[in-house]
1. Take segment 64-81 and flag every residue that is in contact with an Asp or Glu (Cβ under 7 Å, 6 or more places away or on another chain) and either basic (Lys, Arg) or open to solvent by 40 Å² or more (accessible area, probe 1.4 Å) (or both).
2. So is Val26 within 13 Å of Tyr98 (Cβ to Cβ), of a type in the set (A, V, I, L, M) and touching a residue at least 24 places away in the same chain (Cβ under 8 Å) or not?
3. May I ask you to list the residues in segment 28-42 that are open to solvent by 60 Å² or more (accessible area, probe 1.4 Å) and under 14 Å from the mean Cα position of the chain (by Cα)?
4. Give me the pairs: first residue in segment 43-57 and open to solvent by 30 Å² or more (accessible area, probe 1.4 Å), second residue of a type in the set (D, E, K, R), beta-carbon distance under 7 Å, and six or more apart or on different chains, which are they?
5. Just one of the numbered conditions (1) at pLDDT below 95; (2) open to solvent by less than 30 Å² (accessible area, probe 1.4 Å) is not true of Ala17; which one?
6. Could you tell me whether any residue of segment 90-99 is without any contact (Cβ under 8 Å) to a residue 40 or more places away in the chain and assigned to a loop (DSSP other than H, G, I, E, B)?
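The values are calculated or read from the model by the stated rules, or taken from the named source; none is laboratory data. As the structure is a prediction and not an experimental result, all values here were calculated from the model. Cβ atoms come from the backbone with ideal geometry, glycine included; neighbour counts cover every protein chain shown. Just the protein is used for accessible areas: all its heavy atoms, side chains included, with ligands, DNA and RNA removed. Shrake-Rupley method; radii C 1.70, N 1.55, O 1.52, S 1.80 Å.
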Amino acid sequence: IAAAATTDTAIQIPSNASVIGVSVRVTTVIPTAATFTVIGTTTSTAFQTGASVSTAATTTDVGTKSCPYLNTAAQTIRSSPNLTPADTTGRVRVTIHYLIVQAPTS
């Protein structure tokens, strides 16, 4: 997690994916902040199940608040702490759970 107002993931939800959830696990406490939200970067769709997720180590959230969700354009996931972290030592593992349905080709 960056020492900034937001941090975006490198992984993306693919376009036209049916999202089942965006789960998170805090592996290293995020300094200064007490909570954070988990949203899509282009749609601002909230995925955390409550209003926010605790920044304490080993905290998990299944990320199903707005799911199932049809993601029409590829986008990354954004973590937004309630306070700007003092440094970049906080770590959050993000997993995107989705399905892609393909139409018949013949």
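1. Correct list: Arg78 only.
2. The answer is no for Val26.
3. The one that is open to solvent by 60 Å² or more (accessible area, probe 1.4 Å) and under 14 Å from the mean Cα position of the chain (by Cα): Thr42.
4. Between residues of segment 43-57 that are open to solvent by 30 Å² or more (accessible area, probe 1.4 Å) and residues that are of a type in the set (D, E, K, R), the close pairs are Thr49/Asp61; Thr49/Lys65.
5. (1)
6. Checked against the condition, which is being without any contact (Cβ under 8 Å) to a residue 40 or more places away in the chain and assigned to a loop (DSSP other than H, G, I, E, B), segment 90-99 yields no hits at all.
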